[in-house]
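The block underneath contains the structure these notes are about, expressed in structure tokens.
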Amino acid sequence: MALSILNEEENAIRDAILALVKDTIAPKSQAFDRSAVFPRENMEMLGRQGYLGMIVDPKWGGAGASYLAQTLVVEAIAAADPATAVIYEVHNSLHIEGIWRFGTDEQRARFLPALCQGDAIGAFAITEAESGSNAAAMRTRAVKSGSEYRLNGRKVFITSAGEADWYIVFATVDPTLGEKGITAFLVPKDAPGLHFGPPEDKLGIRASRTSEVILDDVRVPEENRLGQEGQGYSMALFLLDGGRIGIAAQSVGIMSTALERSLAYAREREQFGRPIGQFEGVQWRLADMATDLHAARLMTYEAAHRREEGPAQRPLFAMAKLFASEKAVQHAADAIQIFGGYGYMREYGVERLLRDAKVTEIYEGTSEIMRLVIASRLLKEYDLGNI
Ligand SMILES: Cc1cc2nc3c(=O)[nH]c(=O)nc-3n(C[C@H](O)[C@H](O)[C@H](O)COP(=O)(O)OP(=O)(O)OC[C@H]3O[C@@H](n4cnc5c(N)ncnc54)[C@H](O)[C@@H]3O)c2cc1C
């Protein structure tokens, strides 16, 4: 059904991606979760169908679509397979968008076509063991030597590490400068000295690989520096604004499946001689789930719609992620409760919602950091007219 908040093109994209996901990604998602095999075929298929790099200008291989359109795609994928959704989200919002917004024309021409076609996968490496929420405290060093940089350090918890073909790696050119020393580099998977840890054994989104990225004197030519020296931190925050909208959309996708599965079960499961959906205790839960889903979706679409306003709207992006991710975790638990004992069994695929939802409160900024972002701006200059 067409949503009035979307324009005609966005509604058409939504219908098309929902149908594509239903036919292609959904049937295999449970198997990918069980085997924890990286779903490269999903990314290749999404590339062939024109769903990668959607916001990028067609002259660099993209579709010239709106940010909201790309957000709808994350949501649709997440409804079926949150693991593929995060791979997609990092590839698009953090990697492709980084090159698209901050790269030179030469870098756009060199990197974007393959990334948009699904021939190459991109990753984003900022987190380190000692600097997670406080990413500016990173220790990875970039030392200039002639026309190249030498990178040394270790990144942890990197989505698609070991599978991705290209990495946007953040390193400091001068630790005494704090965030003003942080610089971004494009590093290929086969760069000598670049190594990967084994896949982390995770609670959820198991088919998405998460690994360490180890930089042992990796030589990066100057033409692979993204943006200027010292521009990396503000670029990362800009990209994470979009990433947070993507994680909000991932959460909305999980919520929509939690509600859909719960409604179907409440209609069919009988106890005390009638469907459990006829009990008020179940009905109230369903009503709250639908209300939250509607609110989270509107917040996420509004954030996507205002993405181009950039850091000025950082609180709106954080609010969408905060609300949607916390509700996704709650609704996943609600769905298990509605399914009773069956919800706890792997066979029914409802327990996976909770395993997959939990990380949305953690990555691309934890819920606590989202609250800090919102409150600090509210207390400074944020115009309440925006909300
Ligand atoms: C599956 C997965 C995939 C990931 N993918 C990537 C990726 O692709 N690229 C990448 O660079 N990173 C990635 N990350 C890292 C992720 O972004 C970090 O885990 C996250 O930012 C939190 O950092 P941390 O784990 O070091 O926790 P910490 O920063 O150590 O936080 C621990 C706890 O303290 C709280 N806390 C910290 N500071 C404050 C504060 N000032 N006020 C209140 N509470 C605070 C946090 O909210 C949290 O509850 C991924 C993580 C996971 C789990």
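The values are calculated or read from the model by the stated rules, or taken from the named source; none is laboratory data. Note that this is a predicted model, so its numbers are computed, not measured. All Cβ positions, even for glycine, are placed from backbone atoms using ideal geometry, and neighbour counts span all protein chains on display. To get the accessible areas, we keep the full protein, side chains included, count just its heavy atoms, and leave off ligands, DNA and RNA. Shrake-Rupley method; radii C 1.70, N 1.55, O 1.52, S 1.80 Å.
Each row is one residue, and each column tells you yes or no for (1) more than 12 Å from the ligand (Cβ to nearest atom); (2) on the phi > 0 side of the Ramachandran plot; (3) assigned to a helix (DSSP H, G or I).
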residue	(1), (2), (3)
VAL56	yes, no, no
GLY64	yes, yes, no
VAL90	no, no, yes
GLU97	yes, no, yes
PHE124	no, no, no
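Tell me yes or no: at least one residue of the range 318-329 is assigned to a helix (DSSP H, G or I), open to solvent by 40 Å² or more (accessible area, probe 1.4 Å), closer than 30 Å to ILE276 by Cα and not acidic (Asp, Glu).
Checked against the condition, which is being assigned to a helix (DSSP H, G or I), open to solvent by 40 Å² or more (accessible area, probe 1.4 Å), closer than 30 Å to ILE276 by Cα and not acidic (Asp, Glu), the range 318-329 yields at least one hit.
Criterion first (of a type outside the set (Phe, Trp, Tyr), out of contact with any Phe, Trp or Tyr (no Cβ under 9 Å at 6 or more places or on another chain), within 22 Å of ALA207 (Cβ to Cβ) and within 15 Å of the ligand (Cβ to nearest atom)) does ALA85 satisfy it?
It is true that ALA85 is of a type outside the set (Phe, Trp, Tyr), out of contact with any Phe, Trp or Tyr (no Cβ under 9 Å at 6 or more places or on another chain), within 22 Å of ALA207 (Cβ to Cβ) and within 15 Å of the ligand (Cβ to nearest atom).
Being within 16 Å of the ligand (Cβ to nearest atom), more than 11 Å from PRO315 (Cα to Cα) and basic (Lys, Arg) is the filter; apply it to the range 342-387 and report the residue that is surrounded by the most Cβ atoms within 10 Å (Cβ to Cβ).
Filtering the range 342-387 for residues that are within 16 Å of the ligand (Cβ to nearest atom), more than 11 Å from PRO315 (Cα to Cα) and basic (Lys, Arg), the one surrounded by the most Cβ atoms within 10 Å (Cβ to Cβ) comes out as ARG352.
When you go through LYS189, LYS202 one by one, which is the residue that is open to solvent by 20 Å² or more (accessible area, probe 1.4 Å), within 15 Å of the ligand (Cβ to nearest atom) and either among the small types (Gly, Ala, Ser) or out of contact with any helix residue (DSSP H, G or I) (no Cβ under 9 Å at 6 or more places or on another chain) (or both)?
LYS189
Would you tally the residues in the range 138-185 being more than 10 Å from the ligand (Cβ to nearest atom) and either of a type outside the set (A, V, I, L, M) or closer than 12 Å to TYR233 by Cβ (or both)?
Result for the range 138-185: 32.
Can you tell me which residue is farthest from CYS116 (Cα to Cα) among those in the range 3-31 that are within 19 Å of the chain's Cα centre (by Cα) and open to solvent by less than 20 Å² (accessible area, probe 1.4 Å)?
SER29
Pick from GLY197, GLY227, GLY243: which is within 15 Å of the ligand (Cβ to nearest atom) and closer than 30 Å to LEU68 by Cβ?
GLY243
Taking LEU263 as the residue in question, decide whether it is within 16 Å of the ligand (Cβ to nearest atom) and not polar (S, T, N, Q).
The answer is no for LEU263.
Residue check: is ALA290 open to solvent by 40 Å² or more (accessible area, probe 1.4 Å) and more than 16 Å from the ligand (Cβ to nearest atom)?
yes
Can you tell me how many residues in the range 244-284 are open to solvent by 60 Å² or more (accessible area, probe 1.4 Å) and touching a strand residue (DSSP E or B) at 6+ places or on another chain (Cβ under 7 Å)?
Residues in the range 244-284 being open to solvent by 60 Å² or more (accessible area, probe 1.4 Å) and touching a strand residue (DSSP E or B) at 6+ places or on another chain (Cβ under 7 Å): 3 in total.
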